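> Got a structure for you, questions after.
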Amino acid sequence: MSPLLKIVVGLVSGLLGLGYLYRPDLIERMNAVLRDYLLNDAYIALERKKWGMFFLLTSFLFLYMGWSGLGR
């Protein structure tokens, strides 16, 4: 995986994490589009803090891996 791709994945995960934590209304709108395929309303309402922290942690992981890969 290239360092630039890791940075992009990290930024997307960071935005999702912040969205789950601070703007759940945006996540619920996105959920309305994807409801039939991936997500469940009750699951998001009950687990939003866990998902938010998960995406923030993966964001930091990918950003670190991408940043350190650019330095080589």
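The values are calculated or read from the model by the stated rules, or taken from the named source; none is laboratory data. The structure displayed is predicted, hence computed values, not measured ones. When we count neighbours, we look across all protein chains shown, and the Cβ atoms used for this are built from the backbone with ideal geometry, even at glycine. Note: areas computed on protein heavy atoms with side chains; ligands, DNA, RNA excluded. Shrake-Rupley method; radii C 1.70, N 1.55, O 1.52, S 1.80 Å.
> Which value, in Å², gives the accessible area per residue of the chain when a 1.4 Å probe is used on the protein heavy atoms? Numbers along the way, then the final one.
Working: 5450 Å² over 72 residues.
The answer is 76 Å² per residue.
> Consider the candidate values (1) 44, 21, 15; (2) 48, 27, 17; (3) 66, 33, 19; state which one is Cα extents along the principal axes in Å computed from the structure displayed.
Looking at Cα extents along the principal axes in Å for this model, the match is (1).
> Sort 60-66, 2-8 by packing, meaning the average of other beta carbons within 10 Å per residue, with the highest value first.
The densest-packed peptide leads the list: 60-66, 2-8.
> Which value in deg cm²/dmol, rounded to the nearest 500, describes the helix-derived mean residue ellipticity at 222 nm for the chain, given -39,500 (n - 2.57) per DSSP H run of n ≥ 4 and division by the residue count? Walk me through the numbers before you get to the answer.
Numbers: 3 runs with 61 residues, N = 72.
The per-residue figure over the chain is -29000 deg cm²/dmol.
> Of the heavy-atom accessible surface of the chain (probe 1.4 angstrom), what whole percent is carbon and sulfur? Let's see the in-between values first.
Working: 3770 of 5450 Å².
The value for the chain is 69 percent carbon and sulfur by accessible area.
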